[in-house]
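Asker: Can you read through this structure? Questions will come right after.
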Amino acid sequence: MNVFLFELKSIRKSLITWSLSISAFLVFYLSFFPLMESSGGSFDQIMANFPPEFTAFFGMSPELPISTIMGYFALTFGIVQIPLAIQASNYGFHILSVEERELTADFLFSKPIKRSTILYSKLGAITISLTVVNVLLFISTLICLTLFRAGTTVDYLAVVTVLSSIFFFQLFFVGVGMVISVSLKKIPSVLSFSMALSLGMYMASSLDTMMSMQIMKYVSPFSMFSPTRILIDGHLNLISLLICIVVIFGTILTSYFLYLKRNIASL
């Protein structure tokens, strides 16, 4: 029994749905930039009337006016990060708990397959799926910025830097979801847990930015990989990236050992 191919096939529909939905969402919002640019900065004047805390909550910065393609992209991609986080969290909560929820553990563990092999195969399938999403989003972003830039300048190197953060961003949520799923006795609803984790991290990051505390840049991926900050600085924050990598490896290793010792419910 090839667990890797089985898992890849089982999440195929989910992969197609997430890939097309997220890419379509990005295309839809970026297509409005020519209209925004033609307003002659009037929208920037409107936003200037709001308190800085309000605009910071939505990831906007005076350094990147929304009437510029880079400012508009930062705002758009900040929203796109939410479904990316939900997708990754969904995979993380699902990967090691599906047999218990569907009571198919007897069938799986009756095969001559080690638990470690099962985990590696599942994680490999998810990694491939996330890579596909990343590639499609990468291509659609560059095409949209080229088509809808309305004659303005696009810093493609900074954009590529933002896009390169997606993989680490999503693996963070996969790892945390895996740890939680093997730590709890049962995950009744994967989607509920996924949305709670993703939106919770987003709200914590937004509130932290609004209050200018900047604590969440070492805790929440939304702060670690803030598109606005990356576009302004032109590079990823090395400390945040290292923390994220440590969390990814730490959560996966913890999940591995907990999964090996877990008493998995069956029929």
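The values are calculated or read from the model by the stated rules, or taken from the named source; none is laboratory data. Keep in mind that this is a model prediction, so the values were computed, not measured. As a convention, Cβ positions derive from the backbone with ideal geometry for all residues, glycine included, and neighbour counts pool all protein chains shown.
Asker: Name every residue in region 178-195 that is modelled with pLDDT of 90 or more and either touching a helix residue (DSSP H, G or I) at 6+ places or on another chain (Cβ under 8 Å) or surrounded by 12 or more Cβ atoms within 10 Å (Cβ to Cβ) (or both), in order of residue number.
Answerer: 178, 179, 180, 193, 194, 195, listed by residue number.
Asker: Restricting the search to region 196-215, which residues are aliphatic (A, V, I, L, M), in a helix (DSSP H, G or I) and surrounded by fewer than 22 Cβ atoms within 10 Å (Cβ to Cβ)?
Answerer: 196, 197, 199, 203, 204, 207, 210
Asker: Can you give me the number of residues within region 126-139 that are surrounded by 18 or more Cβ atoms within 10 Å (Cβ to Cβ) and either in a loop (DSSP other than H, G, I, E, B) or polar (S, T, N, Q) (or both)?
Answerer: So the count comes out to 2.
Asker: While we're here: Give the number of residues within region 191-218 that are touching a residue at least 60 places away in the same chain (Cβ under 8 Å) and within 19 Å of residue 174 (Cα to Cα).
Answerer: Qualifying residue count, region 191-218: 9.
Asker: While we're looking at this one, here's another question. Kindly indicate whether residue 193 is among the aromatic types (Phe, Trp, Tyr), farther than 16 Å from residue 222 by Cβ and in a helix (DSSP H, G or I).
Answerer: In short, yes.
Asker: So which of 68, 76 ends up being over 22 Å from the mean Cα position of the chain (by Cα), modelled with pLDDT of 75 or more and surrounded by 14 or more Cβ atoms within 10 Å (Cβ to Cβ)?
Answerer: Of the residues listed, the single one that is over 22 Å from the mean Cα position of the chain (by Cα), modelled with pLDDT of 75 or more and surrounded by 14 or more Cβ atoms within 10 Å (Cβ to Cβ) is 68.
Asker: For residue 187, all conditions in the list (1) among the β-branched types (Val, Ile, Thr); (2) in a helix (DSSP H, G or I); (3) over 18 Å from the mean Cα position of the chain (by Cα) hold save one; what is the number of the exception?
Answerer: (2)
Asker: I'd like the full set of residues that are modelled with pLDDT of 85 or more, surrounded by 12 or more Cβ atoms within 10 Å (Cβ to Cβ) and of a type outside the set (A, V, I, L, M), limited to region 22-46.
Answerer: Hits for region 22-46 are 23, 25, 29, 31, 32, 33, 34.
Asker: Pairs needed: first member in region 151-173, outside any helix (DSSP H, G or I); second member anywhere, surrounded by 15 or more Cβ atoms within 10 Å (Cβ to Cβ) and polar (S, T, N, Q); C-beta distance under 7 Å; at least 6 residues apart or different chains.
Answerer: Between residues of region 151-173 that are outside any helix (DSSP H, G or I) and residues that are surrounded by 15 or more Cβ atoms within 10 Å (Cβ to Cβ) and polar (S, T, N, Q), the close pairs are 152/68.
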